[in-house]
Amino acid sequence: MRPESTVLSTPRSDVHTETVEGFGTVRFTPVDPATDSAVLHAWVVEERAEFWGMNGASRELVQEIYEDVDRRDTHHAFMVRLDDEPVALFQTYRPEEDRVSECYEVREGDIGVHLMLAPIAGRPRPGFSRTLVDSLIRFTFRDPAIRRAVGEPDARNEKAVALLARIGFVRQGEITLPEIDLPEIRLPEKRAVLAFLDRPERLPAAQGAPLQP
């Protein structure tokens, strides 16, 4: 199995599920800040998550950050589970309502994405990341109005930049995201790689399983 983590019970309903033959049921559930903050905190304080910007954060601060996300209708955070096991944090946002809009010309149908995979404990499962990423792509483009995904990982995060390239994102160059300093949130200036993934003509197959709305 992939990460060593706690199975969560959450009152929130899945917004999307799909069963992939030989892999399991992938579930996307809106993050519940109070319930999910323990798992999220354990992930973001790890050294490997330094580019997520919360290495020194307390659990309370992590909860406050996702409470702020939860209040917005332009930014969304999802706990991704394989069956009942948390395996990733996936965030989407409307670029026109985000600081990235100051760095490129937003098109209608754009959606911004952020991904954090759970830490791997024990022996890696061959093909795990590729299969999970295919589910993430199907989730991202489940709305026909979405035409392009926008990624902007930290330019120093070589692993994230390489992952985008493997998925098929096309690198456009480096940008500098401006600092945001508001009462409810503070984000430092960030040098990032801007990359786009156009809607695939054929979305990755779910190995015969129908998608759930």
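Things worth noting here:
- Some residue of the range 74-94 being closer than 20 Å to Arg27 by Cα, surrounded by fewer than 21 Cβ atoms within 10 Å (Cβ to Cβ) and touching an Asp or Glu at 6+ places or on another chain (Cβ under 8 Å): yes
- Residue in the range 169-179 that is modelled with pLDDT of 95 or more, assigned to a loop (DSSP other than H, G, I, E, B) and open to solvent by 80 Å² or more (accessible area, probe 1.4 Å) present: no
- Selection count where residues are among the acidic types (Asp, Glu) and surrounded by 19 or more Cβ atoms within 10 Å (Cβ to Cβ), scope the range 104-146: 2
- If you go through the range 139-157 and pick out every residue that is part of a helix (DSSP H, G or I) and either in contact with a Phe, Trp or Tyr (Cβ under 7 Å, 6 or more places away or on another chain) or at pLDDT below 95 (or both), you end up with 1.
- Among residues of the range 185-203 that are open to solvent by 40 Å² or more (accessible area, probe 1.4 Å), those with a Cβ under 6 angstrom from a residue that is acidic (Asp, Glu), sequence gap 6+ or separate chain, pair up as Ile185/Asp68; Pro188/Glu179; Glu189/Glu179.
The values are calculated or read from the model by the stated rules, or taken from the named source; none is laboratory data. Computed from a predicted structure; not experimentally measured. So basically every Cβ, Gly included, is an ideal-geometry build from the backbone, and we count neighbours across all protein chains shown. The accessibility values were calculated without ligands, DNA or RNA, using every heavy atom of the protein model including side chains. Shrake-Rupley method; radii C 1.70, N 1.55, O 1.52, S 1.80 Å.
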